[in-house]
Amino acid sequence: MQNTSNNGQLRQVPSTSGGLIRSTLVSGAAALAVLTIVYLPAEYGRDPTGFGAVLGLTEMGQIKQQLYAEDAADAAAPQIAIDPAIIARLDAIEAQLALMNAVIGAPPSAVQAETPPVQAAPAAPTEAAPEAAPAATDTAALAAAPWRDEVSYILAPGEGIEVKLAMTEGQTAQFEWTANGAVVNFDTHGDGSGQKISYEKGRGVGEQSGELTAAFTGNHGWFWRNRTDAPVTITLRTKGEYSALKQ
């Protein structure tokens, strides 16, 4: 430091150790404040002072930690490669079983009589029959039909479950699911015939309804995971064009 003497000349004044200590303490306090008020809430979701929640940083940090945990869980999950030929054969067996179930469950009136029918006299030519109703009529009929299947599952914190419909390419099923007042993360996807597809993903969703159209022959459905701190009950209702619902 410099100071002016009585005769107008400058002289050097050494810095005191107390001044350096005060500067160091002030810098350390500022760094500690940034760490506790900004960094910890924004990166780890920890808010010891409460200012992180006021600034909206705590929620951002919690979301980051949840995403990190989910990525780690997905990376740790074992990935099993299945031969596409085996998948195709299983799909063919499921289709045959569905056909057998349809034949067994057909009403007696649908079975043809053993005796040949009597040939009726040819009728006089008539006007052409009207064309079939558009596909919108089938959609309306499906919407009015009662639910075909309804299942419920209880997911503990961190637990996930997958439920799928066995469908042929182009078939459409209607669905609705609810977390019964809670929220879950979900992934609507499909696999089969050596193919995979993801239709939609969501985080922190309480319920959803709509239609699911199979992009190819295989299994199409939902995966839910409970990322809350309490058990969650998932209820799924389905109807429409599918041969089986399986977990």
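If you stretched the chain out fully between residue 205 and residue 96, how much longer would it get, using 0.36 nm times the residue separation minus the C-alpha to C-alpha distance? Can you show the working numbers first?
Working: separation 109, 0.36 × 109 = 39.24 nm, distance 3.69 nm.
So the chain would gain 35.6 nm between residue 205 and residue 96.
I want the local charge near residue 47. Using Cβ-Cβ distances under 15 Å, sum +1 for each Lys or Arg and -1 for each Asp or Glu among the other residues. Let's see the in-between values first.
Numbers: positive: 46, 64; negative: 43, 59.
Counting the neighbours of residue 47, the net charge comes to 0.
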Hey, what do the phi angles of the stretch 222-236 turn into as Karplus ³J(HN,Hα) couplings, whole Hz, using 6.51/-1.76/1.60 and θ = phi - 60°, x for Gly and Pro?
9, 10, 10, 9, 8, 9, 8, 9, 9, x, 10, 9, 9, 10, 10
Once both labels are modelled 7 Å past Cα along the beta-carbon direction, what's the residue 215-residue 70 spacing in nm?
1.9 nm
Please give the peptides 34-45, 157-168 ranked by average Cβ packing (other Cβ atoms within 10 Å per residue), highest first, as a rough proxy for protection.
157-168, 34-45
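Throughout, read-outs are computed from the coordinates displayed, never taken from laboratory work. All values derive from a computational prediction rather than experimental measurement. Neighbour counts are summed over all protein chains in view; Cβ atoms, including those assigned to glycine, are modelled from backbone coordinates with ideal geometry.
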